[in-house]
Amino acid sequence: MGLADIQARVRAAERAAGRAEGSVRLIAVSKVQPPERVEAVLAEGHRVFGENYVQEAAGKWPAWRERFGLVELHMIGPLQTNKAKLAVDLFDAIHTLDRPSLAQKLASLGQARGALPQLFVQVNTGEEPQKAGVLPADLAGFLKDCRAMDLSPVGLMCIPPEDQDATPHFAMLAQMAADHGLTGLSMGMSSDFETAIAHGATHIRVGSAIFGARSYAPRA
Ligand SMILES: *Cc1c(COP(=O)(O)O)cnc(C)c1O
C-alpha cells in the first residue's frame, strides 16, 4: 500500500508483460480523500491525478497546482453536459465521453477554444443498464459521429462489472481499441491493475491502494 509500492508493482507488471518501463501512466485517484493524503503523494513527487467530480476537483486543484507546479489531471467520473466547460478548463484528459450530447458540447467548446483535453470514450463492456458508457455494438457509429464533429478520441475506457472477473472486459476493450486504431486504454483499478497492464492498459486508475480506503463511498 502507498505510492512507492504501487509504482513498484506497476514496473513489475510492465516487465512481466514485456512492455517498456514507463509505458503505463499511473493515475492516482484522489476523489474524496482527505487533503493531507493527497499532499503527501504530491510531496513524494507524483504529478498525475484523477478526479470524479468536477466541482470537487475545481475546489482543490487550482491551489495545489500553484503550490506544487504542473499537475496532469484526469476526469474519470460521469460528466454532466452543463459542467463540460468547467471540466475542459480544468482537466488534461476526460475519460468519460459516453454520449452524443456530450460529444456535441465538447465539439463546440473545442471550436471556441481551439483545443480540448485528451478524450477517451467510455465503453459499457458489461452492458450494465445502470452504468454509463457506449454499448459495444454502438461504438463504431459513435466514433464515426465524433470524428464528423472534429473530435479525435485517443482511446477507450471501461469499468468492468464489480461482481465479475475483469479479464474478458479488458481483453474486449483492447480488441475494440485495436479495431478502431486507438492507442489509449484506460482500464484497471486498485484490485486489478496488474491484469489490465497484462492486457495493454496505457492508463490505470488507482485510488484506495495508494491513498487508503475512501471515507465515504463514491456516488456511482
Ligand atoms: C474511484 C474510481 C477508481 C479508483 O478506484 P480504487 O478501487 O479506489 O482504485 C478508478 N476508476 C474510476 C472510474 C473510479 O470512479
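Mind telling me which of the residues Gly207, Gly141 ends up being under 30 Å from Ala115 (Cα atoms) and open to solvent by less than 30 Å² (accessible area, probe 1.4 Å)? Break it down stepwise before answering.
Working: Gly141 fails: open to solvent by less than 30 Å² (accessible area, probe 1.4 Å).
Only one candidate passes the filter, namely Gly207.
For Phe68, the conditions (1) more than 24 Å from Phe193 (Cα to Cα); (2) within 16 Å of the ligand (Cβ to nearest atom); (3) open to solvent by less than 70 Å² (accessible area, probe 1.4 Å) are fulfilled apart from (2). Taken together, the criteria exclude Gln118 from residues that are under 23 Å from Arg25 (Cα atoms), touching a Leu at 6+ places or on another chain (Cβ under 9 Å) and touching a residue at least 24 places away in the same chain (Cβ under 8 Å). Residues of region 126-138 being assigned to a loop (DSSP other than H, G, I, E, B) and either open to solvent by less than 40 Å² (accessible area, probe 1.4 Å) or within 16 Å of the ligand (Cβ to nearest atom) (or both), which ones? Correct list: Gly126, Glu128, Gln130, Lys131, Ala132, Gly133. Taking the criterion of being open to solvent by 30 Å² or more (accessible area, probe 1.4 Å) and within 16 Å of the ligand (Cβ to nearest atom), the residues of region 144-164 that qualify are Ile159, Glu162, Asp163, Gln164.
Residue-wise test of (1) within 16 Å of the ligand (Cβ to nearest atom); (2) open to solvent by 10 Å² or more (accessible area, probe 1.4 Å); (3) free of Cβ contacts under 8 Å to residues at least 60 places away in the same chain; (4) not hydroxyl-bearing (Ser, Thr, Tyr).
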| position | (1), (2), (3), (4) |
| --- | --- |
| Glu21 | no, yes, yes, yes |
| Val32 | yes, yes, no, yes |
| Val38 | yes, no, no, yes |
| Gly45 | no, yes, yes, yes |
| Asn52 | yes, yes, no, yes |
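For His203, the criteria (1) more than 14 Å from the ligand (Cβ to nearest atom); (2) closer than 22 Å to Gly18 by Cβ; (3) in contact with a Leu (Cβ under 8 Å, 6 or more places away or on another chain) hold in every case but one, which is (1).
Of the residues making up region 178-200, those that are more than 10 Å from the ligand (Cβ to nearest atom), over 26 Å from Gln80 (Cβ atoms) and open to solvent by less than 40 Å² (accessible area, probe 1.4 Å) are Ala196, Ile197, Gly200.
Against the definition (in contact with an Asp or Glu (Cβ under 9 Å, 6 or more places away or on another chain) and more than 18 Å from Phe193 (Cα to Cα)), how does Ala132 come out, yes or no? Considered against the rule, which asks whether it is in contact with an Asp or Glu (Cβ under 9 Å, 6 or more places away or on another chain) and more than 18 Å from Phe193 (Cα to Cα), Ala132 comes out as yes.
As a summary of the residue check, Ser191 satisfies the conditions (1) at pLDDT below 95; (2) under 16 Å from Arg9 (Cβ atoms) except for the one numbered (1). What do you reckon, is Asp163 part of a loop (DSSP other than H, G, I, E, B), of a type in the set (Asp, Glu) and at pLDDT 95 or above? No, not satisfied.
Quick grid of which residues meet (1) in contact with a helix residue (DSSP H, G or I) (Cβ under 7 Å, 6 or more places away or on another chain); (2) closer than 23 Å to Gln122 by Cβ; (3) assigned to a helix (DSSP H, G or I):
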{"position": "Glu39", "(1), (2), (3)": "no, no, yes"}
{"position": "Leu73", "(1), (2), (3)": "yes, yes, no"}
{"position": "Gly77", "(1), (2), (3)": "no, yes, no"}
{"position": "Lys85", "(1), (2), (3)": "yes, yes, yes"}
{"position": "Asp89", "(1), (2), (3)": "no, yes, yes"}
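In the set (1) part of a loop (DSSP other than H, G, I, E, B); (2) modelled with pLDDT of 95 or more, the condition left unmet by Ala171 is number (1).
Every condition in (1) open to solvent by 10 Å² or more (accessible area, probe 1.4 Å); (2) modelled with pLDDT of 95 or more is met by Met1 except one, and the failing one is (2). Among the residues of region 79-105, those identified as of a type in the set (Val, Ile, Thr) and away from the ligand (no atom under 16 Å from the Cβ) are Thr81, Val88.
The values are calculated or read from the model by the stated rules, or taken from the named source; none is laboratory data. All values derive from a computational prediction rather than experimental measurement. Positions of Cβ are backbone-derived with ideal geometry, glycine not excepted, and every protein chain shown enters the neighbour counts. These accessible areas exclude ligands, DNA and RNA; they are computed on the full protein's heavy atoms, side chains included. Shrake-Rupley method; radii C 1.70, N 1.55, O 1.52, S 1.80 Å.
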